[in-house]
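J.: The structure that follows is given in the form of structure tokens.
The values are calculated or read from the model by the stated rules, or taken from the named source; none is laboratory data. Predicted model only: the values in this text are computed from it and were never measured. Every residue, glycine among them, receives a Cβ derived from its backbone with ideal geometry; neighbour counts consider all protein chains shown.
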Amino acid sequence: MPGPGNVGERVRNLRLTRRLSQAQLAGHDLSDSYISLIESGKRTPTPTVLRMLAERLGCTPEYLAEGVEPEQRAHLEVRERHAHLALLGGDPVTAEAGFDEVIARSDDQELTARARWGRARALEELGRTDEAIALFEELREQAERDPGRASWLPPVIALARCYHAVGDLGQAIALGERAMERLRRLGLGVGQEHTEAGRILLLAYVDRSDPRRAHEIGRRLLFPEVPGDVSSTSASYQRASLLALDEGTIGDSLYFADQALAARGDGLPVQTHARLHLAAAKALLRGVPPFSDAAPSPLPGDAGGVVPTSGEYSGTGLPGIERPRAEGTRESAQEALGLLQGAADLRGAEATESVIAKARALVLVGEVDQAIVLLEEFIDAGMALAPPGNGPRPVPAPPDNELVARSQRTVLARLVLARARVAQGDPGAAQAVLRAASEQLTTLPAGRPAAHLYRELGEMYELVRSNDDAAAAYRRALEAAGLHPARAQEATSDLGRV
């Protein structure tokens, strides 16, 4: 544990432990009144005095100055690095415990700041996104108060990612655009920060039904004007560091200088590219035109570049429900398949998302059998195709974040499997899959992810001409999003044509 309090308190505690008077501690070199001023916090001892007092008190000068012995500091440094390794190795539980230990035991501001950042990332990986947001917000505020110590870009980009995860698209886009504008002013159009901020904006604009802006961002990321080789990336970071230094934002300058050195050794991390490719593929499968087209053709139903507005969809009777999302063209699906080849290095949940996206693309290009094989490797095909009435109704799972996320991915896989069965010409099998998906959806907590799944469930029920089920799914989508469909009211007068 760090020594209690400040320098003066540590001097006093050790003096009393050694049963020394102030005069004895002062010796012939100092005065007892000077010792009294140090212990009361009214004087700060010089390094020479610290060494003298440490020798007489039987400790190190580092302990008196900071409350941590050199061996303990080294141990905490190692502990913090091992926690980061655990996080990178996919073990956020162990990582969080390690970061917590460092935060509790360290008085070193830089080491504590690194541990707090790591803890926020561990919380994000554990699905405790609200807690992660609170900690990232603290780190952002600290960086903005003291721009000479740390860069605010990493917490801003992390916050954009977290706000997107919880469905706050306005905040995600505002923070992502702020980060991109900062990078633009520094002339940094390559690198991990540019790629990650752009990836978040790409997904957020797709979710906000703005395919044109999504296409603009995706094309800029996938076909950058600046070459992305290691030397140019490092040079771009170095220029950004110099510009930040000229501005007086020392924290940004130091951060980009470190990134320039890292780029010299490793280049852009493989995982960063893989995540970008997955995000771009998902965007293409949500109606965004191929990124290889510099000037995309008008979207289906597009009038002057305006995305079709929400309205009552035939057969649902529910105002406020958006029309079914475009699944993308055959050309978009082909491009998505090519991008997904670059996502092969993803692990865990992202690898599963890549498999589901690939299956969705395969359905669009007509490779239905291959799509079904992929999906059946992920889910139990027998369970997916069995009508819910044949077995006991599943008990709602506890709100464990990982279990909920896994269930969401399973439901999504079933929805894509149902789409494949429709394309295969087997609507009966598709309806059985949809009933199983609907049954599992009832076990999930309300929120944006559940709302999206219910919405796609409604679209699929319309494809198999089950309008009552579609209306129920759309209603559940509104409820999951925190909205309530308006009750139909009879007209009290003849309004005529409007």
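J.: Is it the case that segment 481-495 has a residue that's at pLDDT below 90 and outside any loop (DSSP other than H, G, I, E, B)?
T.: No: zero hits.
J.: Would you pick out the residues in segment 440-474 that are of a type outside the set (Lys, Arg) and either on the phi > 0 side of the Ramachandran plot or assigned by TED's automatic domain parsing to the domain that holds Gly167 (or both)?
T.: Within segment 440-474, just Gly447 meets the criteria.
J.: Related question: Is it the case that segment 388-411 has a residue that's surrounded by 21 or more Cβ atoms within 10 Å (Cβ to Cβ) and either acidic (Asp, Glu) or at pLDDT 90 or above (or both)?
T.: yes
J.: Turning to a different aspect of this structure: Go through segment 178-198 residue by residue and tally those that are among the hydrophobic types (A, V, I, L, M, F, W, C), in a loop (DSSP other than H, G, I, E, B) and under 21 Å from the mean Cα position of the chain (by Cα).
T.: Residues that pass the stated criteria total 1.
J.: On to the next question. Can you tell me which residue in segment 52-80 is modelled with the highest pLDDT, limited to those that are exposed (fewer than 14 other Cβ atoms within 10 Å of the Cβ) and in a helix (DSSP H, G or I)?
T.: In this case the residue turns out to be Glu55.
J.: Turning to a different aspect of this structure: Within segment 260-277, is there a residue that is at pLDDT 90 or above, crowded, with 18+ Cβ neighbours inside 10 Å and either within 30 Å of Asp146 (Cα to Cα) or touching a Ser or Thr at 6+ places or on another chain (Cβ under 7 Å) (or both)?
T.: Yes, some residue in segment 260-277 is at pLDDT 90 or above, crowded, with 18+ Cβ neighbours inside 10 Å and either within 30 Å of Asp146 (Cα to Cα) or touching a Ser or Thr at 6+ places or on another chain (Cβ under 7 Å) (or both).
J.: Let me ask another. Regarding segment 167-179, can at least one residue be identified that is modelled with pLDDT under 90 and more than 21 Å from Asp100 (Cα to Cα)?
T.: Within segment 167-179, one or more residues are modelled with pLDDT under 90 and more than 21 Å from Asp100 (Cα to Cα).
J.: Give the residue, chosen from Ala359, Ala351, Ala343, that is assigned to a helix (DSSP H, G or I), at pLDDT 85 or above and crowded, with 17+ Cβ neighbours inside 10 Å.
T.: Of Ala359, Ala351, Ala343, the one residue that is assigned to a helix (DSSP H, G or I), at pLDDT 85 or above and crowded, with 17+ Cβ neighbours inside 10 Å is Ala359.
J.: Specify which of the listed residues (Glu137, Glu131, Glu141, Glu101) is assigned by TED's automatic domain parsing to the domain that holds Ala165, within 20 Å of Leu175 (Cα to Cα) and in contact (Cβ under 8 Å) with a residue 12 or more places away in the chain.
T.: Residue meeting the stated conditions: Glu137.
J.: With at pLDDT below 90 and either in contact with an Asp or Glu (Cβ under 7 Å, 6 or more places away or on another chain) or outside any loop (DSSP other than H, G, I, E, B) (or both) as the only criterion, which of Ala450, Ala472 stands out?
T.: Ala450
J.: Could you count how many residues in segment 155-177 are within 18 Å of Ala280 (Cα to Cα) and either of a type in the set (D, E, K, R) or not in a helix (DSSP H, G or I) (or both)?
T.: 2
J.: Moving on. Scan segment 23-36 and tell me whether some residue there is in a helix (DSSP H, G or I), touching a residue at least 12 places away in the same chain (Cβ under 8 Å), among the hydroxyl-bearing types (Ser, Thr, Tyr) and within 19 Å of Gln109 (Cβ to Cβ).
T.: No, segment 23-36 has no match at all.
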